[in-house]
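Have a look at the structure below, then the notes.
Readers should treat all values here as calculations from the given coordinates under stated rules, not as data from a laboratory. Values in this document were obtained by computation on a predicted structure and should not be read as measured data. A quick note on method: Cβ atoms are made from the backbone with ideal geometry, for glycine too, and the neighbour counts reach across all protein chains shown.
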There are 2 protein chains.
Amino acid sequence: MATPQRVESDLGWALGRVARAHLRAAQEQVAGLPGGPRGYQVLVAAAREESSTQLALAQKLGVDRTVMTYLIDELQAAGLVERRPDPADRRARRVVLTQTGGARLCDLERRLREAEQHVLAPLSPEEQDVLRGLLRRVAEVDPDTPSACEVARDLTQEC
Amino acid sequence: MATPQRVESDLGWALGRVARAHLRAAQEQVAGLPGGPRGYQVLVAAAREESSTQLALAQKLGVDRTVMTYLIDELQAAGLVERRPDPADRRARRVVLTQTGGARLCDLERRLREAEQHVLAPLSPEEQDVLRGLLRRVAEVDPDTPSACEVARDLTQEC
DNA sequence: TATTGTTATACTCTATAACTATA
DNA sequence: TATAGTTATAGAGTATAACAATA
């Protein structure tokens with residue numbers, strides 16, 4: 001029979017604790033930035049030309065596209081990004097970093113590295129790299145893509 | 001000079017994506033349980049006698065004690081837990097699992113293992129264990145405890 | 001005076017739907 | 001008809017302060 005596990009072995013518990021701890025540390029570091037740590041993620045993603053329409057950004061950041069509207073509004077009002085018409089699709093807007101935004105981004109990156117360092121402090125540098133790598137690989141899969149086992153289950157109508 | 005990183009190398013981005021993905025998967029599995037995945041964590045923690053006052057549970061789960069009141073209210077209304085007076089401190093209430101709650105917990109554990117498996121699917125079983133272990137070690141440090149470097153900084157008044 | 005639990009209030013996020021302008 | 005972006009609204013979640021009972 002299955003003995004009750006300890007809550008420490010629940011992945012959701014660990015993820016929640018670590019994510020909240022990182023969020024608190026990051027919010028301190030980026031105080032004043034519109035959108036907080038998420039605003040930083042927009043700046044980083046917008047710094048790369050590729051896939052910088054609002055919808056693409058929203059999907060990459062894992063938020064609804066309505067949230068992205070407010071986020072860009074605030075970042076634009078702060079002079080950190082601009083909305084430019086997409087030459088290929090007049091419905092879409094490309095989000096590009098302003099010069100001010102680029103300078104701000106450099107400072108933010110330095111501050112957020114400190115926040116990450118603070119959260120990961122219990123681990124050795126090598127372990128930190130392993131954790132980052134594993135988390136990134138899990139995060140990079142499209143959450144909307146059904147897994148192979150789900151596809152197989154649907155095809156075979158089993159279970 | 002620091003070239004802008006890709007958003008994929010931001011720890012906050014990866015943590016947010018993975019935590020949200022897990023939350024969605026877990027919510028599907030525990031549909032109907034008061035408090036959702038967090039209610040499950042309360043049940044697991046309450047199944048262990050130790051440190052099961054509402055305040056201790058709140059701290060372990062990383063939420064405010066006011067949140068715990070609502071959570072326990074709902075779990076108690078569903079017959080899954082009971083509030084018992086703490087014999088050592090009449091202000092405190094000990095949260096204990098009912099028989100119904102214990103049975104429900106067994107089922108929930110099985111379902112949540114599936115959810116975790118779904119989220120961690122991109123990793124090999126060995127990598128999954130490594131990720132769980134590293135996350136747990138980071139999560140287990142008390143978020144309110146200042147790090148050694150912070151203490152040293154306060155003491156020396158440097159920086 | 002400090003702490004546990006409760007309650008009430010306000011605030012922040014998020015989810016949803018409806019609308020526009022394009023495709 | 002479908003999609004990108006916007007707007008408005010409602011709901012969930014959270015934070016804060018105040019209170020009663022007890023330490």
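What the table shows:
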read-out	value
Where N is the number of residues in the range A:1-104, Cα Rg divided by 2.2 N^0.38 Å	1.37
Relative contact order computed over the range A:78-146 (Cα-Cα under 8 Å; 6+ residues apart), in percent	20
The protein assembly as shown, dipole about Cα centre (Lys/Arg Cβ +1, Asp/Glu Cβ -1), debye to the nearest 20	660
Computed helical MRE - 222 nm, chain A, DSSP H runs ≥ 4 contributing -39500 (n - 2.57), nearest 500	-20000 deg cm²/dmol
Label-point gap, in nm, between B:S9 and A:D142 - each point 7 angstrom along Cα→Cβ	2.6
Residue-averaged beta-carbon neighbours from other chains (10 angstrom radius) around B:57-69	1
GNM result for chain B, Cα springs below 10 Å: residue of B:A25, B:A58, B:A103 fluctuating most strongly	B:A103
Simple spin-label estimate for A:L123 and A:A77 in nanometres, 7 Å along Cα-Cβ	3.7
Chain A, relative contact order [Cα under 8 Å, separation at least 6], %	21
Over the protein assembly as shown, equivalent-ellipsoid semi-axes from the Cα gyration tensor in Å	37, 26, 19
Charge dipole (debye, nearest 20) of the range B:9-84; +1 at Cβ of Lys and Arg, -1 at Cβ of Asp and Glu	120
